[in-house]
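The values are calculated or read from the model by the stated rules, or taken from the named source; none is laboratory data. Every value quoted in this text rests on a predicted model; they were computed, and no experiment measured them. Counting neighbours? That spans all protein chains shown, and the Cβs are built from the backbone with ideal geometry, glycine included. For the accessible areas, the whole protein counts, side chains as well, though only heavy atoms, and no ligand, DNA or RNA atoms are used. Shrake-Rupley method; radii C 1.70, N 1.55, O 1.52, S 1.80 Å.
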Amino acid sequence: MFLWAVFLLGTGLAHAAASAAPPADHGNGVIGQISGEGGDATLGARLYTERCAGCHDHPAGRIPSRTAIADNTRALITTTLSGGIMRPMARGLSLHEMASIATYLSHRTAGLVSGGGAEAPPCNRKPAAIDLKTADQWNGWGRTEQQARYQPDPGFTAAEVGRLKLKWAFAYANSRGGQATVVGDRLFLNASSGTVYALNARTGCAYWRFDAPAPTRGSIVVGRLRGAPSGYAIYFTDYTRSAYALDADSGALVWKSQVDSQHEVQMTGSVALHDGRLFVPISSAEEAIAADPRYQCCQFRGAVAALDATTGELLWKTYVTPAVAKPFKRNAAGTQMFGPAGGAIWSAPTIDAKRRLVYVATGDSYTDLPFDRSDAILALDERTGAIRWSNQLTRDDNYIEGCHGPGRTANCPTRLGPDHDFGASPILHSLSSGRQVLLVGQKSGEVYALDPDHGGKVVWSRRVSPGGPLGGVEFGLAADDETLYVPVSDIYVPAALANPGITALRIADGAVLWTARTPRKPCAWDNVYCFPGVSQAISVVPGAVFGGSMDGRFRAFDAATGSVIWEYNTAAAQVMSIGGHEAQGGVLDGAGPTVAGGMVYVNSGYWGRSGRPGTVLMAFSIGAR
């Protein structure tokens, strides 16, 4: 999937990938280095003395001391250097050198819980008890397990949306973290630094901070857990290929369970919680790392796992391709190649309680050995993981990075596919007739309604854009009672054909109701990502659709007509963070806006796109009340 490669190329990780040793030598490779693993403390000491000591050994103003920096995990320090506020000062350092500085400095053990740290002041009172039945909430990726990204009770009306104002901002070391999960007066947020925060949803003050040992990206979900002191837990994954349960009140670790052992796994998609089981999607960076001709491409298999939510015990795991990759040829550089491989699951699973099924959307194949479950929608038995049906909507999509243009890498498939992954969660939707359909969008620009009772048979399809590696639907659709709202990225699509913005389709038959093309506007950065495409997941409330474009503009559209009823440029100027320092947003991409309790939350800033360090969570309310 092209999303990961852009992340690599934008941050210097492509260099690290290109110099990586073959799989037998590099353990968890690039993913491990992001976590600060494999650093050389001796090298780190020299680099710190040469590049950092002048400021941090003699701090002034808001410059943190070396002691303050040391009270952070290696993952957080590495992320701050590679994609946070220290990125300009770390320019020219390799990822290994950054990890070495982190290894030398960090005295903090992963897994510890503390207050909010420098990012936010501590709350001066305890939060109200969690009540999942009555609290205002956006719990998990799509608010509900059907993944519709629809908030029926936002706490304001569509007529009031034009009065939204920034209430508070939270700046933190992050590249592409999860979106805000809100339950009552608590907001849970995670970051690529490995940090997990519990904040007050109204003010942004901090209840606690947990430091995982590796980046964490997928959105958090809250659920009952008898083994947690408070009776409730938050669930998430990190790049150690593990799932976690933390006590919702204190942040204390209840359990941690390793879900997978493959190389170069990254946990991009969010978990889903249902009936005492935690469903975990598994994806990979291998598609980008395989651009190195010395890399033994490819052996990763996309998968979904089910864990006991009480204990973390693995109940079942189902791979997208049942065949383990085997040697099948050598590339032009003489490197052994393997296959089949691919089928990453980039998005949150969708739960069908009525049929007791779990639906997942899969990515492309990586090699010349295709398989029939790539670029497909799968239905799995929630109890056993058995695949009940599969519908492959694009065949022979064999793709890795570095295969377009004259400099094709030696690992490129002979028949190169278009890179048309499914990167967004399927939406399980009930029509007024009582019939249910699955709504899915693809990077091809094609949108489908599938019949869950007849093997995922296509009910209707509608093309909303030409699509491409960063075109069509990237991260997430939204649906209300009658309408499906489709965000269109279309970056790299020829201007005459591109359709960036949002298109509304009638769910009953796929008819186009309106298309709102987002206009080109200037950015503070000058690269291809100063673009009006809507790659970020979108969300809908009664009468309004919220969506952010890559140029930093966050908008609300009239749900009936598509006209813009509110707009805020998240990257236009610096804002004062609740931590007491100025911060600025950037590209809007990835995890989308969430709405609960009269508030709208969105993350601005995406590593490697705008060239700006860090991320700002922005919280809006009507009149900033």
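Applying a 10 Å radius around every beta-carbon, put 458-470, 333-345 in order of their mean neighbour count, most first.
Working: 458-470: 19.5, 333-345: 22.8.
Taking the mean over residues of other Cβ atoms within 10 Å, the ranking is 333-345, 458-470.
Please quote Rg/Rh for segment 235-326 to two decimal places, taking the Kirkwood radius as Rh and restricting both calculations to Cα atoms.
1.03
Sequence-distant or interchain residues sharing an amide H contact under 5 Å with residue 255, placed H: which?
HN-HN under 5 Å from residue 255: 245.
What FRET efficiency comes out for residue 131 versus residue 624 if R0 is 30 angstrom and r is the Cβ-Cβ distance? Round to the nearest 0.05.
Calculated transfer efficiency: 0.65.
Starting from the residue with the highest accessible area, list 324, 541 in decreasing order, probe 1.4 Å.
From most accessible down to least: 324, 541.
Counting pairs of alpha carbon atoms under 8 Å apart in space and at least six apart in sequence, what relative contact order in percent does the chain give?
Worked out over the chain, it gives 14 percent.
Quick check on my link table: of 126/317; 443/521; 317/354, which ones sit more than 31 Å apart, alpha carbon to alpha carbon?
The pairs that break the limit, which is 31 Å between Cα atoms, are 126/317.
Per residue, how much accessible area does the chain have with a 1.4 Å probe, in Å²?
Counting only protein heavy atoms, the per-residue value for the chain is 34 Å².
Along the principal axes of its C-alpha atoms, what lengths does segment 345-396 span, in descending order and rounded to whole Å?
Here the spans come out as 37, 19, 17 Å, largest first.
Of the peptides 347-356, 39-48, how do they stack up when ordered by the mean number of other Cβ atoms within 10 Å, highest first?
Numbers: 347-356: 21.0, 39-48: 17.7.
Ranking, from highest mean packing down: 347-356, 39-48.
Taking the simple approach of a point 7 Å from Cα along Cα-to-Cβ for both residue 414 and residue 67, what is their distance in nm?
6.6
Please compute one quarter of the surface area of the Cα convex hull for segment 281-395 and express it in square nanometres. If you can, show how the numbers build up before the last one.
On the way: hull surface 30.7 nm².
Value for segment 281-395: 7.7 nm².
For the chain, list the cysteines whose Cβ sits under 4.7 Å from no other cysteine Cβ?
Cysteines lacking a close Cβ partner in the chain: 52, 55.
Tally Lys and Arg at +1 and Asp and Glu at -1 over the other residues with C-beta under 15 Å from the C-beta of residue 340: what net charge comes out?
With Lys, Arg at +1 and Asp, Glu at -1, the neighbours total -2.
Would you please name the trypsin sites (Lys or Arg not before Pro) within segment 92-180 that are DSSP coil residues with at most 15 other C-beta atoms within 10 Å of their C-beta?
Working: sites: 108, 125, 133, 143, 149, 163, 165, 167, 176; in loops: 108, 125, 133, 143, 149, 176.
Those that pass, being in a loop and sparsely packed, are 125, 133.
Only helical DSSP H runs with n ≥ 4 go in: add -39500 (n - 2.57) per run for the chain, normalise by residue count and round the 222 nm mean residue ellipticity to 500 deg cm²/dmol.
About -3000 deg cm²/dmol.
Quick check: at a probe of 1.4 Å, how many percent of the accessible area of the chain sits on carbon and sulfur atoms?
Carbon and sulfur together cover 51 percent of it.
Along segment 123-139, what does the Karplus equation 6.51 cos²θ - 1.76 cosθ + 1.60 (θ = phi - 60°) give for ³J(HN,Hα), rounded to whole Hz, x for Gly and Pro?
Using θ = phi - 60°, the values come out as 6, 9, 8, 6, x, 5, 4, 6, 9, 6, 7, 10, 6, 4, 7, 10, 10 Hz.
Please list the three semi-axes, largest first and in whole Å, of the ellipsoid equivalent to segment 102-187, using sqrt of 5 times the eigenvalues of its alpha carbon gyration tensor.
30, 17, 16
What is the percent of Cα-Cα separations in the chain that go past 44 Å?
Roughly 12 percent, rounded to a whole number.
With viscosity set to 1.567 mPa s at 4 °C, what whole-number translational diffusion coefficient in µm²/s follows for segment 136-177 from Stokes-Einstein and a Kirkwood radius over Cα pairs?
For these conditions, the coefficient is 99 µm²/s.
Skipping prolines and chain starts, which residues have an amide H placed within reach, meaning under 5 Å, of the one on residue 174, given they are 5 or more residues away or on another chain?
For residue 174, the qualifying residues are 614, 615.
What is the extension gain from residue 332 to residue 432, computed as 0.36 nm multiplied by their sequence separation minus the C-alpha to C-alpha distance, in nm to one decimal?
Details: separation 100, 0.36 × 100 = 36.00 nm, distance 5.69 nm.
Result: 30.3 nm gained on full extension.
³J(HN,Hα) across segment 422-430 via Karplus (A = 6.51, B = -1.76, C = 1.60, θ = phi - 60°), whole Hz, x for Gly/Pro?
Karplus-based 3J(HN,Hα) across segment 422-430 equals 9, x, 10, 5, x, 10, 8, 10, 9 Hz.
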